[in-house]
Amino acid sequence: MAKRKAEANTDWARIRALSDDEIERMAKEDAENPASKAADWADAVIGLPKFDATGRRDNKPFSRASKTTK
């Protein structure tokens, strides 16, 4: 299987040689990818989408799956 163009052009030896401090410094200097702030994550929800009793996805954001009764 042929490597993708980005993989073929990546200098993995140089990347492996970077220290954690160098990576942190480069990340802080990257104006195109600013660091996120705690406020950016204040409303973040971790989890899987909810499903109703029939197995259909409950499209209500962050709600409990509805229960069906007979």
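Structural remarks
- Residue check, Glu7 open to solvent by less than 80 Å² (accessible area, probe 1.4 Å), among the charged types (D, E, K, R), modelled with pLDDT under 90 and in a helix (DSSP H, G or I): yes
- Hits in segment 35-54 (condition: assigned to a helix (DSSP H, G or I) and either more than 29 Å from Ile23 (Cα to Cα) or not aliphatic (A, V, I, L, M) (or both)): Asp40, Trp41
- Test: Ala2 is in a loop (DSSP other than H, G, I, E, B), at pLDDT 75 or above and open to solvent by 80 Å² or more (accessible area, probe 1.4 Å): no
- Residues located in segment 37-54, provided they are open to solvent by 70 Å² or more (accessible area, probe 1.4 Å) and within 17 Å of the chain's Cα centre (by Cα): Lys37, Ala38, Ala39, Asp40, Trp41, Ala42, Asp43, Val45, Ile46, Leu48
The values are calculated or read from the model by the stated rules, or taken from the named source; none is laboratory data. Keep in mind it's a predicted model, so treat the numbers as computed, not measured. Surface areas here come from the heavy atoms of the whole protein model, side chains and all, with no ligands, DNA or RNA. Shrake-Rupley method; radii C 1.70, N 1.55, O 1.52, S 1.80 Å.
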